[in-house]
1. Kindly work out what percent of the DSSP beta bridges joining two residues of the chain are antiparallel, to the nearest 5.
2. Of K90/K136; K284/K467; K284/K533; K238/K544, which pairs sit farther than 27 Å apart, going by alpha carbon to alpha carbon?
3. Taking 23 Å as the cut-off for C-alpha to C-alpha distance, list the pairs among K129/K320; K39/K95; K152/K249; K249/K560; K442/K484 that go past it.
4. State the Cα centre-to-centre distance between region 209-255 and region 276-342 in whole Å.
Amino acid sequence: MLKGTSASPGVAMGNVLVVKKQQIEIAKKLIQDIEAEKKRLSDAVEKSKIQLNDVKEKALGSMESDKAQIFEAHLMVLEDPELIDASMKKIEAEKINAEYAIDSIENMYLAIFADMEDEYMKERAADIKDVCSRIKMNILGIESTDLSALDKEVIIVAHDLTPSDTATMGREKVLGFLTDVGGRTSHSAIMARTLQIPAVVGLKDITSRINDNDYIIFNGETGEVIINPSSEEIEKYKKLKSDYEQNIKALGSFIDRETMTTDGRKVEIAANIGTPKDVTAVLKNGAEGVGLYRTEFLYMDRSTMPTEEEQFEAYSEVLKSMSPRPVIIRTLDIGGDKKLPYLEIDEEMNPFLGLRAIRLCLDRKDIFKTQLRALLRASVYGNLRIMFPMISNVSELLEAKSIIEEIKAEFDADDIPYSKDYQVGIMIEVPAAAMISDLLAKHVDFFSIGTNDLIQYTCAVDRMNEKISYLYNPFNPAVLRLIKLVIDNAHKAGKWVGMCGEAAGDVSLIPILLGMGLDEFSMSPISILPARKTICSLNYDDMKNLIERINDIETPEEIKAYTEKTINK
């Protein structure tokens, strides 16, 4: 039995195909003919473009168009002067071989991504790696494994799978895949969920533990993998597979259903997104709105600040697509583990407690004002809700709101249209904000609880540190008491409360959040239907009684066990 990170749910059983990537040996060589070397690079880039267009067409035939557009992004990387032109200049300046030049520029960019602690941004390095690897292979004349031409059903085992691999693999022949590396936000994991292929990643050394044609079974939901299982284990997994497939079919009936408890309490289930392209999955899964649009991804993977017009286009696209459903757009949340290479921020001893999120925006009002102008202009296209991150006191909130008022005055003077019906809210992710939520509630239309940071700051635990990850627990009584305090204070002021952290989609925690009176649950699109099914099966009054009973329970483990026992009675 091996244990990895769940990347895509489902149960897979079958024989293994171990995919071993040919090692690309890159050595520095001095060259005489600079123009010939530059041509080697340009020819490889052109060949890569042809291949990527082919990959994109295959991807369009096997997945939603918005997910296939990742390869449009790869084609844009090939056009990026920061990568290709820089490599050409390196060949010319240093008189070196083409593969070494592109490899050096690639490594420079990968180092920038590696410095970011944010898991999503680390995984974006996969784009650059995938494209540069393709170029280098074409320079050296190395052929890659074609996973689209499989002739039998297999479970693919690899050190890692690139976005190209997962998009073009023969879906009907791939039962699932396992990798040594990767996380839930890696492109391969996202693609697996899109294609509904079971997957487990981060298994460390699965490729060295297994051989071609070994029989394997795994559970993509728990991350459990069994190599050469017993007949008893095979029978058990056959039952798990059947149950899972029946459950997926049953969830389809919840797509257009109201999210309402058995005794009539209605709540809203919304989705978290990072780009306008994510809206397709939001609508497909029947979300009632967008509870968190992370605008920082507009600012990343580029060399300059996005213009007001670029931001306006992105925000208005999401608002139009979701209208009349509400869309909560979070203002720029940069700093801490998310840095921009083109934005100078002084090195800090502890960036998580430093100039980040709303603090950075209030320090750089030029950046903040550009974003708020774009948001207000886009407001005429849908149901906009503006949300400020990492508010820790009333003064910050009032200052941020005053900038909106300044912009509105400018718009009125210049006859620029904007909606008067937008809402303003804040994220509650700092314990200080939770403690004064009664004061903050006077100045907002809503709260959205960001559990990812609230847990981290409340428990003084770095959620990226594996040695103390056991302390990062949403069932911690201190965390639950803060959440309850925030909800109660908001409701006393007549304001609604949502949650956009990972905890909102945790079906084991949902009964507690429901009993506390949470009004909106926002989560990854793939979590929407299981969450709706859970809420529709619960009685609100019973969940309120549950909250009273867990008040005196001392440990997270006991709270979780008691909740599960109560629900499963």
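Read-outs throughout are calculated quantities, based only on the coordinates presented, and are distinct from any laboratory measurement. Nothing here was measured: the structure is a model prediction, and the numbers come from that model.
1. On the way: 17 of 57 bridges.
Around 30 percent of the beta bridges assigned by DSSP in the chain are antiparallel ones.
2. The answer is K284/K467; K238/K544.
3. Details: K129/K320 34 Å; K39/K95 13 Å; K152/K249 26 Å; K249/K560 28 Å; K442/K484 18 Å.
In this structure, K129/K320; K152/K249; K249/K560 lie more than 23 Å apart at Cα.
4. Going from one Cα centre to the other spans 35 Å.
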